[in-house]
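Novice: Below is the structure I would like to discuss, written out as structure tokens.
The values are calculated or read from the model by the stated rules, or taken from the named source; none is laboratory data. These numbers come from a predicted model, not from an experiment. All Cβ positions, glycine included, derive from the backbone under ideal geometry; neighbour counts span all protein chains shown. When the accessible area is computed, the model is the full protein with side chains, heavy atoms only, and any ligands, DNA or RNA have been set aside. Shrake-Rupley method; radii C 1.70, N 1.55, O 1.52, S 1.80 Å.
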Amino acid sequence: MSIVLKPLLLSAALTLLVAGCGKKHEAVPAKAAAAAAAPVLEGEVGIIARAGDIERGESDRSVDWVSGFEKETGCRVNVRMVDTSDEMAALVNQGGSDLVIASGDTSLRLIAGGKVQPIDITRIKSWSGVDPRLQNAAWHTVDGKHYGVPWQWGPNVLMYNTKTFKTAPIDWSVVFEEQKLPDGKSNAGRVQAFAEPIYIADAAVYLMGKKPELGITDPYELNEAQYAAALTVLRAQKALVHQYWQDAGKQISDFKSEGVVASGSRLYQVNALQAEKPAQPIASTVPAEGATGWADTTMLHAQARHPNCAYAWMEWSLHPKVQGDAAERLGSVPAVPAACGNNALLGVDGCKTHGSDDFDRIHFWRTPQAKCGTGDCVPYSRWTQDYTTIMGN
């Protein structure tokens, strides 16, 4: 019996096993399998952001890209607001949030410090719609790994008073060198400068046109001689500065009431002043040397407690309507080109008005590193120390 039946029993067992496997496979529909594989959303997501990045219609019902997300996903959005890049970095270091919408002068610091983690772009279905010029940008891509999803971008323009300047200033000298302005008065006490260390790059951009013999090709990669020259410009500028600005609202107020006529700024301030009734005599330009610029990235915290809701938000942030609405609110350019020309708030020419044609003239913020493409460069820690000293003296 054992000699004859063992093969038969083995054959029967195999037949039952195959039949059982086939039956099990047929019993699981494709939709059910996909549902089982879908990540479970945790019910909330914490985001560190600047003013205007996260809007739920509290001040303007037409500006709301949070309520729809919460309704669709069930993920409640909790926001922690910051005013400066250093505040942003400090909050990220504290932990407790899942995402940070980081500026380019912060992102590489967060990556180097291990505070954010690489993202899986295969989980971002709308990734292909991101402007190709931003997909592998140096401020969020390291060693071929993506550490975030592009959000919005824009130039740091030269904002000026049109009563003082009948035509746009042609270069940045009006804020860096003492001179008589077109109205016959000195610029001393009538200009502003940005109150963050990354502003050293603005001086470097100015020197690229003023002193080409310095050989500056990248305002974020400065050797000792180039860096010293930029600091010399900023020390001389100190005597001209009415105030170092950091808060957009304060800068808007100063242009209306404090006699300020020229400053580096953002289109958010320009648009706000022009939209007032009566409109303020304000315009902006990107001068001959070009300009620095900002490009924000939504980054995933290394210890994110709600990663699935975080991924859901990153995907949501790339929807063309969200991108267009945010661009109108921030005076920025969407990271998703499809948002341009097809948004009720932004309008047909909104992207062009916000500087989309200036992309190739912008030197986007990037955290200065000690080791750089040209060899040894002055790191951001020195920028912070030295610029703080200049402003304080």
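Novice: Being assigned to a helix (DSSP H, G or I) and in contact (Cβ under 8 Å) with a residue 24 or more places away in the chain is the filter here, so list the residues in the stretch 354-393 that pass it.
Specialist: ASP358, PHE359, ARG361, TYR380, ARG382, TRP383, THR384, ASP386, TYR387, THR388, ILE390, MET391, listed by residue number.
Novice: Consider the stretch 284-307. How many of its residues are of a type in the set (A, V, I, L, M, F, W, C), part of a loop (DSSP other than H, G, I, E, B) and closer than 20 Å to SER173 by Cβ?
Specialist: Of the residues in that region, 2 qualify.
Novice: If I filter the stretch 270-308 down to residues being acidic (Asp, Glu) and over 21 Å from the mean Cα position of the chain (by Cα), which single residue comes out as surrounded by the fewest Cβ atoms within 10 Å (Cβ to Cβ)?
Specialist: Filtering first and then ranking leaves GLU276.
Novice: Let me ask you something else. Just the residues that are within 23 Å of ARG109 (Cα to Cα) and open to solvent by less than 30 Å² (accessible area, probe 1.4 Å), please, taken from the stretch 345-371.
Specialist: Residues satisfying the conditions are ILE362, PHE364, TRP365, THR367, PRO368.
Novice: Could you list all residues from the stretch 309-344 that are surrounded by fewer than 19 Cβ atoms within 10 Å (Cβ to Cβ) and touching an Asp or Glu at 6+ places or on another chain (Cβ under 6 Å)?
Specialist: Selection gives PRO337 alone.
Novice: Moving on. Is it true that THR167 is among the β-branched types (Val, Ile, Thr) and free of Cβ contacts under 8 Å to residues at least 40 places away in the same chain?
Specialist: yes
Novice: Specify which of the listed residues (TYR227, TYR220) is among the aromatic types (Phe, Trp, Tyr), in a loop (DSSP other than H, G, I, E, B) and open to solvent by less than 10 Å² (accessible area, probe 1.4 Å).
Specialist: None of the others qualify; the one that does is TYR220.
Novice: Anything in the stretch 372-393 that is among the polar types (S, T, N, Q), surrounded by 12 or more Cβ atoms within 10 Å (Cβ to Cβ) and more than 24 Å from THR141 (Cα to Cα)? List them, or say none.
Specialist: If the condition is that a residue be among the polar types (S, T, N, Q), surrounded by 12 or more Cβ atoms within 10 Å (Cβ to Cβ) and more than 24 Å from THR141 (Cα to Cα), then THR388 is the only one that fits.
Novice: Tell me, which residue of the stretch 36-53 that is out of contact with any Lys or Arg (no Cβ under 8 Å at 6 or more places or on another chain) and under 18 Å from ALA90 (Cα atoms) is modelled with the highest pLDDT?
Specialist: ARG50
Novice: So which residues in the stretch 238-268 are open to solvent by less than 30 Å² (accessible area, probe 1.4 Å), touching a helix residue (DSSP H, G or I) at 6+ places or on another chain (Cβ under 9 Å), outside any strand (DSSP E or B) and at pLDDT 95 or above, if there are any at all?
Specialist: LEU240, GLN251, ILE252, PHE255, VAL260, VAL261
Novice: If you don't mind, another one. Counting only residues that are at pLDDT below 95 and not small (Gly, Ala, Ser), which one in the stretch 326-339 is nearest to VAL157 (Cα to Cα)?
Specialist: Selected residue: LEU330.
Novice: Just give me the residues in the stretch 121-176 being within 30 Å of VAL233 (Cβ to Cβ), open to solvent by 50 Å² or more (accessible area, probe 1.4 Å) and of a type in the set (D, E, K, R), in sequence order.
Specialist: If the condition is that a residue be within 30 Å of VAL233 (Cβ to Cβ), open to solvent by 50 Å² or more (accessible area, probe 1.4 Å) and of a type in the set (D, E, K, R), then ARG133, LYS163, LYS166 are the ones that fit.
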